[in-house]
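Working notes, beginning with the structure itself.
The values are calculated or read from the model by the stated rules, or taken from the named source; none is laboratory data. Treat the numbers as computed from the prediction; the structure is a model and nothing was measured. Backbone-built Cβ (ideal geometry, glycine too); neighbour counts: all protein chains shown.
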Amino acid sequence: MSLLLDALQQRPTDRVRFQLWWQRLLDTVDATALLADHGFASRSAFLSELLERIRLKLLPGTPETTDASTLFTLVLNHPMDAQWLSKLDATLLARLGDLLRNECPPPAQAQDTAHTEPSTWQAELMEAVNFCASQIRAAGFSPELRLRMSASARDAGQFHALTSDLETLLSAWRENPQQPTQQCKHALQHYRKQLDQCRQAAASVYTHLQAHGISVNLVFQLRQLRERLLRVRALLDCLFSATPQRDTAQLLAHLVTVGQKRRSLRALIATNSSMLAAKVAERSSETGEHYITRNRGEYMQMLRDAAGGGAVMSITTLVKFVVLSAGLSAFWGGFFAGMNYALSFVLIQLLHWTVATKQPAMTAPAMAAKLKDLSNPGAIDGFVDEVAHLVRSQAAAIVGNLALVAPAVLLISTVLWFSVGRPMIDAATAEHVLNELTLLGPTALFAAFTGVLLFASSIIAGWTENWFALHRLESAMRYNPRFTAVLGTARADRWATFMRNNISGLSANVSLGLMLGLVPAFAGFFGLGLDVRHVTLSTGQLAAAAASLGLEIFYQSAFWWCVLGIVVTGLLNVGVSFYMAFQLALRAHNLTGVQRDNIYAALRQRLRRRTRSFFLPEPEAAGVVTDTDTHAHTPAAPPNAANQTTKDGTTQE
């Protein structure tokens, strides 16, 4: 930049040509749109903005345009541009400002009136402030935001006064744009204060979202509103600052940065879905607490609940083979298999039993939430205790599932043998099962893929519960005239409460079942060859194969490879699901600087000294009765079971 200015200074003809070009450029493009709108979404909804950014990624821009924002993006399109603009020193800025100063007062104009007229740049800045203020006022009056503001923010009417306060500032500024009067300074201070109050009023919407459910569209609008408020302050700094050239360079550097973010898909998704991810992690964490056993009574209850889940899964195994024997097409075979899984999972939920593989995606956020307080004395030891409780609970769930699904399948096969003269599956199908479940095949890959589906079902569950709360469907079911006319007031109230308490589990179970059935069918359509390996279902299938082939199966190496495959399947189902949910929870809670080395050391010490605690509950001191000993452990109980009455009279769980 310094060399360019030197060259133009030494070549007056080129300097004049450059200034004429600059003047023609400013007359052609609209600089106000650049200052007021650059970096902001042209769409008011998250999904439409996402599609717009995809279009910008795929289709190149053209310099044949009068849109100053498009030209600005084409010229300054590298992160380094923001850095060198922000680091220009005062001398360079002064020389650059002198070069780009494009207007001179006419010779006949009186000197005493020259200072009363704003420059072109000053007029553009004030016009940009006016544009931004109009956008802010419109956003503040939108029903989506206004109805969710706090009562005090609505009553104060901060957005109403923006227009009149800006007119007052404009009137005082026009008296002497080059040297603001005391009245102008007072109006500027008042207007900045009004902007801060508008920002606080908009921030009160977040409290409502945290209590009643997150909307990505609303978060998107709130972030746009906040950025526009900050843009107005930056424009005012350029206009009224004692160092306008420095503030202008900082503003241009900021425009480069936000212009690059404007094209980023990752930035859009990350910034606007962070609250939703945090809410999903929070709801999963509350559910996950019910799956962690901390004493002998809860441990035994977990074993019983898991055994009940295993019994239901034996029926699921029988229906799975019935669906396979029907010889349906890939889609319909996958659909009915998925419905079989979904109905089984829902039945297990309604009976308050459990399936082991569903727990990790819920317990991982609960563990991540406990990492917030590791700075407290004894917090690491407490976290290690929770890890031991979690591992023991997960082991109890798997053992309970597998310990009953295999005998139940053998019992069903025996009953079928004596009643219809044949086992659950024939010998050919049994050999096919052995070839599928062996560890020597792609079992490990399919088991890890199933872990991803387990994690995805937990995300669907959290999103559905948030959507249910956001649209207040519980209240709608309780008071809708059509519901009350058909069900009656009391029954409609019970159904509303039931759906609120079970919507998360129902959506998780149905989505998981359908994914287990349909995802392999869709993958086969694209030639991917993916399949699922669920540890409980695989154990039931292996038991069915053993019932068909008889005792000689124990002499086949294929059987033992399948046993090892089931062990690996269980580890990968649980491990992959837990890892993905744990990482999401860490990012959602913005947890950084976790003392990993200290945690690992404490875990190793616990494994050496108290290995038993990771698999069996430790003996409790005599005469000590915990609160949890007096209540039955119900892992499938919904989160937020305590009802609270909010200020508006609705029931909030």
Could you go through segment 444-459 and let me know if any residue there is modelled with pLDDT under 90 and within 28 Å of Tyr299 (Cβ to Cβ). yes
Can you tell which of Ala427, Ala406 is in contact (Cβ under 8 Å) with a residue 40 or more places away in the chain and surrounded by 18 or more Cβ atoms within 10 Å (Cβ to Cβ)? Ala406
Search segment 520-545 for residues that are in the same structural domain as Leu439 (by TED's automatic domain parsing) and pair each with any residue that is surrounded by 16 or more Cβ atoms within 10 Å (Cβ to Cβ) and basic (Lys, Arg) when their beta-carbon atoms are under 8 Å apart and the residues are at least 6 apart or on different chains. Leu537/Lys320; Gln541/Lys320
Would you mention how many residues in segment 16-31 are without any contact (Cβ under 8 Å) to a residue 24 or more places away in the chain and either under 17 Å from Thr73 (Cα atoms) or of a type in the set (A, V, I, L, M, F, W, C) (or both)? 4
What number goes with the only condition from (1) among the hydrophobic types (A, V, I, L, M, F, W, C); (2) crowded, with 18+ Cβ neighbours inside 10 Å; (3) under 15 Å from Thr539 (Cα atoms) that Leu411 does not pass? (2)
Among the residues of segment 338-354, is there at least one that is over 26 Å from Leu572 (Cβ atoms), in the same structural domain as Ala547 (by TED's automatic domain parsing), in contact with an Asp or Glu (Cβ under 9 Å, 6 or more places away or on another chain) and modelled with pLDDT of 85 or more? yes
How many residues of segment 469-483 are in contact with a Lys or Arg (Cβ under 9 Å, 6 or more places away or on another chain) and within 14 Å of Ala211 (Cβ to Cβ)? The answer is 2
Among the residues of segment 499-519, is any touching a residue at least 60 places away in the same chain (Cβ under 8 Å), part of a helix (DSSP H, G or I), over 27 Å from the mean Cα position of the chain (by Cα) and surrounded by 15 or more Cβ atoms within 10 Å (Cβ to Cβ)? no
Could you figure out which of (1) outside any helix (DSSP H, G or I); (2) surrounded by fewer than 18 Cβ atoms within 10 Å (Cβ to Cβ) isn't true of Val486? (1)
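Listed here are the residues, each with its yes/no results for (1) of a type outside the set (A, V, I, L, M); (2) over 19 Å from Thr354 (Cα atoms).
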{"position": "Ala448", "(1), (2)": "no, yes"}
{"position": "Ser457", "(1), (2)": "yes, no"}
{"position": "Ala490", "(1), (2)": "no, yes"}
{"position": "Asn501", "(1), (2)": "yes, no"}
{"position": "Leu537", "(1), (2)": "no, no"}
Could you look through segment 520-530, keep only residues that are in contact with a helix residue (DSSP H, G or I) (Cβ under 9 Å, 6 or more places away or on another chain) and not in a helix (DSSP H, G or I), and pick out the one that is farthest from Phe446 (Cα to Cα)? Leu528
Looking at segment 243-277, which of the residues that are among the polar types (S, T, N, Q) and closer than 25 Å to Arg587 by Cα is farthest from the chain's Cα centre (by Cα)? Thr257
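Condition check ((1) among the polar types (S, T, N, Q); (2) buried (at least 18 other Cβ atoms within 10 Å of the Cβ)) across all residues:
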residue	(1), (2)
Glu436	no, yes
Phe446	no, yes
Thr450	yes, yes
Ser458	yes, yes
Ala469	no, yes
Ala476	no, no
Asn480	yes, no
For Asn102: the one exception among (1) touching a Leu at 6+ places or on another chain (Cβ under 9 Å); (2) modelled with pLDDT under 85; (3) of a type outside the set (A, V, I, L, M, F, W, C); (4) in a helix (DSSP H, G or I): (4)
Candidates Gly39, Gly97, filtered to the one that is within 22 Å of Thr248 (Cβ to Cβ), of a type outside the set (Val, Ile, Thr) and either surrounded by 16 or more Cβ atoms within 10 Å (Cβ to Cβ) or touching a Gly at 6+ places or on another chain (Cβ under 7 Å) (or both): Gly39
Residue hits (segment 136-152; closer than 22 Å to Val216 by Cα and either in a helix (DSSP H, G or I) or touching a strand residue (DSSP E or B) at 6+ places or on another chain (Cβ under 7 Å) (or both)) are Ile136, Arg137, Ala138, Ala139, Gly140, Phe141, Pro143, Glu144, Leu145, Arg146
Would you mind telling me which numbered condition in (1) at pLDDT 80 or above; (2) surrounded by fewer than 17 Cβ atoms within 10 Å (Cβ to Cβ); (3) under 30 Å from Asn401 (Cα atoms); (4) not acidic (Asp, Glu) Ser577 fails? (2)
